[in-house]
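Quick note: the coordinates plus some simple rules give every number you see, no bench work behind them. Remember, it's a predicted structure, so these values are computed and weren't measured experimentally. Positions of Cβ are backbone-derived with ideal geometry, glycine not excepted, and every protein chain shown enters the neighbour counts.
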Amino acid sequence: MQRYAHRHLSLSKTLTFGFISIIFVGTILLMLPISTTGGNETSLLTAFFTATSATCITGLTLVNTALHWTFFGKVIIMLLMEVGGLGFMTFTVLLFLFMRRKLALTTQLLTKESLNLNNLSQVSIVRWVISLSLIIQLVGAALLFVDFYPRFGLSKGIGYSIFHAISAFCNAGFDLFGNSLISFRNDPYVLIVISILIIAGSFGFLVWQDLLLYHKTKHLSLHTKLALRTGSVLIILAMIIFFISERNFHFDQSGSFFDRIVDTIFMAITPRTAGFVTVPYNKLSMAGILFTMALMFIGGTPGSTAGGIKTTTVGLLVIQSWATLRGNRDAEFGHRRFTQENIFRALTLVFVALVILGVAIIILTFTETVPKGSGLEYIVFEALAAFGTTGISLGLTAHLTVVGKLIIIALMFIGRVGIYTVMFSILNSEHPAKGYRYPEESVLIG
């Protein structure tokens, strides 16, 4: 019976249930008395919310991570971030390789689905990417230790360095300072190290594969070219917009012009998925808040630690729209044209994302209270932060109702696992194609 159930469990359902299982285990561990500091209690919903946020590498929290959790609790959160960031199937592959066992076809298929790989042959690169990921995090921790050791001493310096290197690389946004990185607003060294870790973690496995093998192949795939080009354009555009929209610079004026440049670069990078902040976002101008919401909706690169609709989706749709407006039949980039399946999936992804977010926002407007002086952006920002697994907030997180917490949990889960994976699991959409097709007919558009 068990073998029958396993055989008929789709890849999408397996991945979905895999993440649910990790969240469930994390919830149980965070509810243990050893996870909570004296005088504090952790309810089931708080533990569930925190485990989901850590596994889905979001960073939204109901309690102060630094004060509420013990050393054991913080280690659990750190492990959940690592597993959630690299993907639980990645660690499955690592375990098989460590045991020198050959990967079963089912494991290879799950890994391919989990990491958004194009074919099974790419699974072989996973161990190199895992090694590189761990090396980057260790180097990042060492660089952070240079700044943290004089501030916090040896033991805290080591712990803080490792925790925040993992949090930054996995784009999780959890911190042990109690105020994210606001205390490091005028510390360009820390912000630059964190920014590099965030960018490295948001590349995705396919991009890392192309970059690692470029010295041999002298070739970058269309995916890598589009991901790097779109990501670079978004960062540069965000820097320009934030530099203009925040020209009054709501930050304190004690920093130098160089500090402001670094802060602006950091602000351009972190809203896409990372969740670290150097200034409360409710101090930003309305233009800055709206553009931040757009960045959170877009997210990072497919197959990476990021949420959102992904950079390649946006890049493809921009190219397709430009081609259509110019009367061209094909959307071309890098001397290649995109497949119709690519375009259909991108359009479907954006539409379903907007529907999910729209329903979630409508429910939140009924259940949550908007403070005086704030508008709808107070709720929309929170929903986009959860869906984009970004983890920044205008202040709603701590005041969420029970229903509100469940809605945000659902958005975080969908944002990390992926819309297609979750929808295929729910709708059982992985069935054979029909053996027939109806005649075509056009309708008026626009």
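What to note about this one:
- Phi angles of the stretch 258-274 translate, via the Karplus equation with coefficients 6.51, -1.76, 1.60 and θ = phi - 60°, into HN-Hα couplings of 4, 4, 5, 4, 5, 4, 5, 4, 5, 5, 6, 8, 5, x, 5, 5, 6 Hz per residue; Gly and Pro are given as x.
- Stretching Val355 away from Leu211 to a fully extended chain increases their span by 48.3 nm, per 0.36 nm per residue minus the current alpha-carbon distance.
- Under 12 Å, Cβ to Cβ, from Gly395 - net charge with Lys/Arg +1 and Asp/Glu -1: -2
- Distance between the pseudo-spin-label points of Ser131 and Phe257 (7 Å out from Cα toward the beta carbon): 4.6 nm.
- Potential lengthening between Asn282 and Leu376 on full extension [0.36 nm per residue; Cα-Cα distance subtracted]: 32.5 nm
- Positive minus negative residues near Ile343 (Lys, Arg vs Asp, Glu; Cβ under 11 Å): 0
- With a simple spin-label model that places each label point 7 Å from the Cα along the Cα-to-Cβ direction, the separation between Val402 and Leu79 comes to 3.1 nm.
- Within-15-Å neighbourhood charge of Leu176 [Cβ basis; K, R +1; D, E -1]: +1
- A crude spin-label estimate for the pair Phe71 and Ile34, with each label 7 Å from Cα along the Cβ direction, gives 1.2 nm.
- Three-way shape call for the stretch 191-230 based on the alpha-carbon gyration tensor, with the a/c threshold at 1.5: prolate
- Under 5 Å, built H, 5+ apart or other chain: amide partners of Phe333: Phe338
- In order along the stretch 163-171, the phi-based Karplus estimate (6.51 cos²θ - 1.76 cosθ + 1.60, θ = phi - 60°) of 3J(HN,Hα) comes to 4, 7, 5, 5, 4, 6, 5, 7, 6 Hz; Gly and Pro are listed as x.
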